Amino acid sequence: MPERLEVRKTYKLYLGGKFPRSESGRTYEVTDSRGRFVANAAWASRKDARDAVVAARGAFAGWSGATAYNRGQVLYRVAEVMEGRAAQFADEVAAGEGLSATKARAAVDAAIDRWVWYAGWTDKLASVLGGTNPVAGPYFDFSLPEPTGVVAVLAPQRSSLLGLVSVVAPVLATGCTAVVVSSKERPLPAITLGEVLATSDVPGGVVNLLTGDAAEIGPWLAEHADVDGIDLAGSGTTAMELERSAAGTLKRVLRTTAEEPDWTADPGLSRMTPFLETKTVWHPIGL
Amino acid sequence: MLSVVSGMMTGVTPTGSTALDPAAPGAVAAPGAPRTLDAYADVTRSDAAFRAFLHGLPGVDQVGAEARAAQLGTRSIKTTAKAWAIDTAISMVDLTTLEGADTPGKVRALAAKARRPDATDPGCPPVAAVCVYGDLAGVATEALAGSGIHTAAVATAFPSGRASRAVKLADVRDAVANGADEIDMVIDRGAFLAGRYLDVFEEVVAVKEACGSAHLKVILETGELRTYDAVRRASWLAMLAGGDFIKTSTGKVSPAATLPVCLVMLEAVRDFRAATGVQIGVKPAGGIKTTKDAVKHLVMINEVVGPDWLSPDWFRFGASSLLNDLLLQRQKLRTGHYSGPDHVSVD
């Protein structure tokens, strides 16, 4: 019986619904929490980020134009497909974050539940954040929350799966499209999440996952004139500088804290409202 | 004189093109010399003679042409060279709108964009021309008055070319009367493919005459000619008939302009100048959408025909969406950060 050859995986980006290598051809070594070699991940460059923004912009009309109900169905589908690969996620989280098998599995479950939670929110946001306004005139006046556009997400550096899902899912739930830069040291759950997204009815380009260094790519995304919002969760010490850059093009900015928050806590609407614009309609009414 | 001779010596390229010696033209005229097409008068004396001449042109090595075009497309153009290339490409754009739904308002908007492509930067050069249907040439001419930007009009039953010659000539005269100073005509591809070369030739001659002082661009519609050999023959036909520019496509047929087709046409104008001293312009149109495509064309001009053609007088891009991409790249170079489609005007 000949020994079976090992089939090794090439870790790539998820960009525009496809899995390309970095255009730069760069890779970097990923190690587990004890410093042992795990994989060579693609090291995304500014040009990958540029391409990702183009893909996200292209996907925006379709995703934001889909009904909120449909978006909820798609996000729930992500949870379903993730459930089937829970063991793989748990292994990657355990290796990357140095958690016990039980705790890693709990983090994966929480991440899956987070998709379900946001899936439920898609068609309720308008009711909670919008409504009719009493105005002194013959108008039916109402306000609606609308997605802001392309959102750059710098994912948390420590919580590689639950943190990642906690910042990506709300952006999708609002109808925005996302360009995500994963945790630099712990990118594997992000790569696997890309494979889940590719097989769960999320249109290509709606989420673009780049593995690499947020400190390198972040400034390009913060300055990019075609990015409408930025979540600075994983920006670390560069946060202040990125806020300043983002102001140049009047981006919506979700600020971050020095310490990573407890991702298991109930997020409320705090991660969705920053990426919504309010549209108010004044509709004339007869007397 | 010397450069022309050496140009002829190096005329053998990977695509198998050589400078031509049709009916013993005798001395080769220097570039810029008066038009000395007399040597070629003989080749159009009869259908048979013209066919013999066109089919006697060296064949194009398809694999070689495609490989050379692909190789020239790999050049990396950065920083100051890129800035120069972008500005040059902008100045070569024939800003085009050829839709059934075109209105005077849309043409005026396009003319305003032609005058100042980037509203945020007065340093941005204007484009070369605005290209419209003949009935809107008057609107374009009025809107472009005093700017030095040309008005190009498509004529001769564009894009199919399927009309009688009288109608085509009337179409041309009408466009010229409306103020067009450049006419983009289509050749009769049906006649060309059927081998009635002299008919096509005579039609181009007649259109050139109808143009008066207006420049004539001859659209070969290379997507319908099938082979590079046919592109080379059509190029020579158009140049001998008096076209000032040879243009790849109408933009209504796919494939439109490709790099290898443009390479074959550039070689044709190079060989034509070497043989007759007459310089002809080239205009790829259709399918050129990105700055990268445009820069590849500029590299190819420089490598194949030399810097003499690197000017809007001798090279044009027929395009509409290309301009916005050039402007986005220009803004990126100027500001240091990526720009977006919200920062250029929508056509």
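Computed from the coordinates by the stated procedures, all read-outs in this text should not be read as laboratory data. Just so you know, these numbers come straight off a predicted model, no measurement behind them. Here the Cβ positions follow ideal geometry from the backbone for every residue, glycine too, while neighbour counts run over all protein chains shown.
Going by C-beta contacts inside 10 Å, put A:R34, B:R273, B:R226, B:R68 in order with the fewest on the left. Could the numbers behind the result be given before it?
On the way: A:R34 7, B:R273 25, B:R226 10, B:R68 21.
By the 10 Å Cβ count, ascending, the order reads A:R34, B:R226, B:R68, B:R273.
When the Gaussian network model of chain B links Cα atoms closer than 10 Å, the mean-square fluctuations of B:A268, B:A155, B:A206 top out at B:A206.
Please compute the average number of Cβ atoms from other chains found within 10 Å of each residue's Cβ in peptide B:329-338.
Counting other chains' Cβ atoms within 10 Å and averaging over B:329-338 gives 3.
For B:K252, the aspartates and glutamates whose Cα falls under 17 Å of its own Cα, not counting residues fewer than eight places away in the same chain, are B:D94, B:E99, B:D102, B:D184, B:D188, B:E221, B:E224.
Restricting attention to chain A, lysine pairs at least eight places apart or on different chains and with alpha-carbon atoms under 20 angstrom apart total 8. Across chain A, Cα pairs under 8 Å and at least six residues apart give a relative contact order of 24 percent. 3J(HN,Hα) along the stretch A:200-208, derived from phi through the Karplus expression 6.51 cos²θ - 1.76 cosθ + 1.60 where θ = phi - 60°, amounts to 9, 6, 7, x, x, x, 5, 10, 10 Hz, with x in place of Gly and Pro. If R0 is taken as 25 Å, the Cβ-Cβ distance between A:R158 and A:S127 corresponds to a FRET efficiency of 0.10. Straight-line reach from B:K332: which aspartates and glutamates fall under 14 Å, measuring Cα to Cα and dropping same-chain residues less than 8 apart? Leaving aside aspartates and glutamates fewer than 8 places away in the same chain, those within reach of B:K332 are A:E223, A:D226, B:D87, B:D118, B:D121, B:D342. Proximity of backbone amide H atoms, modeled 1.01 Å from N, is registered between A:V181 and A:V153, A:L154, A:A155, A:L210 at under 5 Å, excluding neighbours fewer than 5 places apart on the same chain.
The Cα center of the stretch A:210-236 and the Cα center of the stretch B:202-245 differ in position by 52 Å.
Relative to the 2.2 N^0.38 Å rule of thumb, the protein assembly as shown has a C-alpha radius of gyration ratio of 1.19. Considering only beta bridges that DSSP places wholly inside the protein assembly as shown, some 30 percent are antiparallel. By the count of other C-beta atoms within 10 Å, a proxy for reagent exposure, B:M265, A:M1, B:M300 are ordered fewest to most as A:M1, B:M300, B:M265. Seen from a random direction on average, the alpha-carbon convex hull of the stretch A:27-284 projects onto 14.0 square nanometres. Across chain B, the mean sequence separation of Cα contacts (distance under 8 Å, 6 or more residues apart), normalised by length, yields a relative contact order of 20 percent.
For chain B, the longest principal axis of the Cα atoms and the long axis of helix B:321-335 meet at an angle of about 50 degrees. Note on chain B: with a GNM built from Cα contacts shorter than 10 Å, the maximum mean-square fluctuation among B:A230, B:A175, B:A194 falls on B:A194.
Taking label positions 7 Å along the Cα-Cβ direction at both B:R162 and B:D87, the computed distance is 4.7 nm, reported to one decimal. Residue-wise HN-Hα couplings along the stretch B:240-255, as the Karplus relation 6.51 cos²θ - 1.76 cosθ + 1.60 with θ = phi - 60° gives them from phi, are 5, 7, x, x, 8, 9, 10, 10, 5, 8, 7, x, 9, 10, 10, x Hz; Gly and Pro carry x. Calculated [222 nm] ellipticity per residue, helices only, for the protein assembly as shown: -13500 deg cm²/dmol; basis is -39500 (n - 2.57) per DSSP H run with n ≥ 4, divided by all residues, nearest 500. The stretch B:52-70 and the stretch B:305-347 have Cα centres lying 31 Å from one another. Nearest 0.05, what FRET efficiency do A:L250 and B:D121 give at R0 = 25 Å with Cβ-Cβ as r? With a Förster radius of 25 Å, E is 0.80. Which entries in the list B:K82/B:K296; B:K113/B:K217; B:K168/B:K208 go over 18 Å, if you measure between the two C-alpha atoms of each? Check vs 18 Å cut-off fails for B:K113/B:K217.
With the cut-off at 1.5 for a/c, could you classify chain B from its C-alpha gyration tensor as rounded, prolate or oblate? It comes out oblate by the Cα gyration axes.
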